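Please read the structure below before turning to the comments.
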Amino acid sequence: MVNTFKWLASFSLFTALLIPGTVSAEGNFFSKDFSLKQFSFQEINESLVSTSKLFIYDSGLTFKYPDAVRGVYVTGHSAGGSRFNDLLKLIDSTELNAMVIDIKDDFGNLTYIPSEDSTLAKSNIGKPYIKDPRSMLKVMEEKQIYPIARVVVFKDTELAEAHPELSFVDGTSVWKNRRGEAFVNPFLQEVWDHNVEIAIEAAKMGFKEIQFDYVRFPEGFEKREDTLKYSMGKYETLGLDPVQRRVQAVTDFVAYAREKLKPYGAQVSVDIFGYSATLPEAPGIGQNFSKISENVDVISSMIYPSHWTSYFGIAKPDLEPYRLVQEYAKVENAKLAELKNPPISRPWIQDFTASYLGKGNYQIYGKSQVEAQIKALKEAGINEYLLWNAGNKYTPGVDYTP
């Protein structure tokens, strides 16, 4: 159902047509004739109003942008469960001031049940993890915790299985990676609109920023681009090579989403692989750090030390979080300095132990390891950051402004 704004202007306007020489008993001029103009209400479609540059949607909630965003990742389960109160206490007692909350998760599900009049209700992808998102946001408003909605874009098993034509098909079934995850096709407008629709609903709830994650093709796509079946949509006739076609599609989605969200007062951020900043572009997945950065308000590189190889000449990066972040920051700062209007840099940093790296290649991450990353960022002039822990269990006693 399309919402409408009813603008009511119901009043009578009397226009006196004064006739020279005609006076009343009190000696005042009066008119033998007058005209009556009646104004009544008119229904205006919200989609028309929202395209006006003068229109900004008012969610009814007010959040001030912090001095610098220092946030934590929060799953739908945590946001809707008892863990949420623990996270509130963490933020109340520290310099942290923001939460990145899953609204569309890694499987393609919404983490709440949309209302019956929502256009998203027909998708049947809502899960009752967050029972009342609005009440949750009101609590965050009271505590002035900056709310960021995480929307996982092109990794979407739900949409892929429901609509294989929007995905990548291997033989007779939807292609999945080794973890059993399916992706949808970044070339297609229908996929863009599905995710933008979710982002707009989150903004209307009261989220001040939409963070798009998995804004990319599947890893290693360049090795299977000729064997999978999929549509290239409008990109098929652009005359670009395969790499540039993917880069163009990913960049275009980001620009499109940002433009669509402007009437709702929401900023746009994008998560991106850290190594994308060190390359002209990541050829398989279609991420070009500079081009994406030109179309967002915030860029959030995932720079977890555990995720790097000996990229910067550091043999075991997980063991040297300060040095790894220091070396990365040099590269990113140089890339952003080339842009006319660079976005805010707000990297994801590591607050988890990567024991899967094997003995001798990892360390237990705690207070000193987290602070080392923050210190390296600060020294590089990067004051914003986000902490990642998949279970939302964050290290106690950290100085978040060392």
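Multiply the residue separation of Asn389 and Ala255 by 0.36 nm, subtract the distance between their alpha-carbon atoms, and state the gained length in nm to one decimal.
45.3 nm
Sorted by packing (mean other beta-carbon atoms within 10 Å per residue), highest first, where do 75-82, 244-251 land?
Ranking, from highest mean packing down: 244-251, 75-82.
Tell me, what is the per residue accessible area of the chain in Å², probe radius 1.4 Å?
Roughly 48 Å² per residue, with all protein chains present.
Restricted to Cα positions, what overall size does region 213-355 have along the principal axes? Three whole-Å values, descending.
Result for region 213-355: principal-axis Cα extents of 47, 41, 27 Å.
Pick out, in residue order, every one of the trypsin sites (Lys or Arg not before Pro) in region 307-402 that is DSSP loop and has at most 11 other C-beta atoms within 10 Å; say none if there are none.
Lys340, Lys359
Longest segment of the chain with no GluC sites (Glu not before Pro) in a DSSP loop having at most 13 other Cβ atoms within 10 Å?
Longest run free of exposed loop sites: 117-337.
Given only helices, namely DSSP H runs of n ≥ 4 each adding -39500 (n - 2.57), what is the per-residue ellipticity at 222 nm of the chain, to the nearest 500 deg cm²/dmol?
-8000 deg cm²/dmol
Would you calculate the separation in nanometres between label points at Glu141 and Ala68, each defined as 7 Å from the Cα along the Cα-to-beta-carbon direction?
It works out to 2.9 nm between the two label points.
What is the ratio of the Cα radius of gyration of region 286-402 to 2.2 N^0.38 Å, with N the residue count, to two decimals?
1.06
List the lysines whose alpha-carbon lies under 18 Å from that of Lys122, not counting same-chain residues fewer than 8 positions away?
Lys104
Given 0.36 nm per residue, what is the gain on full extension from Val169 to Thr119 after removing their alpha carbon distance, in nm?
So the extension gain works out to 15.3 nm.
Using amide H atoms built in the peptide plane, which far-off residues or other-chain residues are under 5 Å from Phe183 H to H?
For Phe183, the qualifying residues are Asp156, Phe168.
What's log10 of I(q)/I(0) for region 169-211 at q = 0.26 Å⁻¹, Debye sum over Cα points only, no solvent?
-0.90
What are the principal axis extents of the Cα atoms in region 165-256, in Å, biggest first?
43, 33, 20
Once both labels are modelled 7 Å past Cα along the beta-carbon direction, what's the Glu379-Leu90 spacing in nm?
About 2.6 nm separates the two model spin labels.
Please tell me which of these pairs span more than 23 angstrom C-alpha to C-alpha: Lys155/Lys223; Lys64/Lys204; Lys291/Lys340; Lys260/Lys291; Lys155/Lys367; Lys262/Lys378?
Table pairs above 23 Å Cα-Cα are Lys155/Lys367; Lys262/Lys378.
If you keep only loop residues by DSSP, which trypsin sites (Lys or Arg not before Pro) in region 166-228 have at most 11 other Cβ atoms within 10 Å of their Cβ?
The qualifying sites are Arg178, Arg179.
The values are calculated or read from the model by the stated rules, or taken from the named source; none is laboratory data. Quick caveat: nothing in here was measured; it's all calculated off a predicted structure. Reconstructed Cβ throughout: ideal geometry from the backbone, glycine too, with neighbour counts over all protein chains shown. To get the accessible areas, we keep the full protein, side chains included, count just its heavy atoms, and leave off ligands, DNA and RNA. Shrake-Rupley method; radii C 1.70, N 1.55, O 1.52, S 1.80 Å.
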